[in-house]
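Take a look at the structure below.
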Amino acid sequence: MIIIKEPVGKCIDCNKTVYCEGGFLQGVVLENHRIRCYDCQNEKEIESAWSKIKKTD
């Protein structure tokens, strides 16, 4: 089986190329229509979770 991999843009945080593979975007489209790769999105979610934990201390 051949999986098509097309570049669709650059991550707004790390400037890495984000691809669409087999019809699935390998990142997240933000509200401002920009793209963030999954690695950077996961990092942002972890930072957000830690900031919420620190506020409760």
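Would you work out what percent of the accessible area of the chain, with all protein chains in place, is carbon or sulfur (probe 1.4 Å)?
C and S atoms contribute 53 percent here.
Contour minus end-to-end for residue 2 and residue 32, with contour as 0.36 nm per residue of separation and end-to-end as the Cα-Cα distance? Present the calculation step by step, with values, prior to reporting the outcome.
Numbers: separation 30, 0.36 × 30 = 10.80 nm, distance 3.25 nm.
Length difference between fully extended and current span is 7.6 nm.
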Contact order relative to length for the chain, counting C-alpha pairs under 8 Å separated by 6 or more residues, stands in percent at 24 percent
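Eigenvalues of the Cα gyration tensor times 5, then square-rooted: what semi-axes does that give for the chain, in whole angstrom, largest first? Write down the numbers at each step before the final one.
Working: eigenvalues 164, 27, 15 Å².
They are 29, 12, 9 Å, listed largest first.
Given the DSSP H assignment, sum -39500 (n - 2.57) over each helix run of at least 4 residues in the chain and divide by its residue total; what's the result at 222 nm in deg cm²/dmol, nearest 500? Numbers along the way, then the final one.
Numbers: 1 runs with 19 residues, N = 57.
Counting only the DSSP helices, I get -11500 deg cm²/dmol.
The values are calculated or read from the model by the stated rules, or taken from the named source; none is laboratory data. Remember, predicted model here, so these are calculated numbers, not experimental data. Heavy atoms of the whole protein, side chains included, go into the accessibility calculation; ligands, DNA and RNA do not. Shrake-Rupley method; radii C 1.70, N 1.55, O 1.52, S 1.80 Å.
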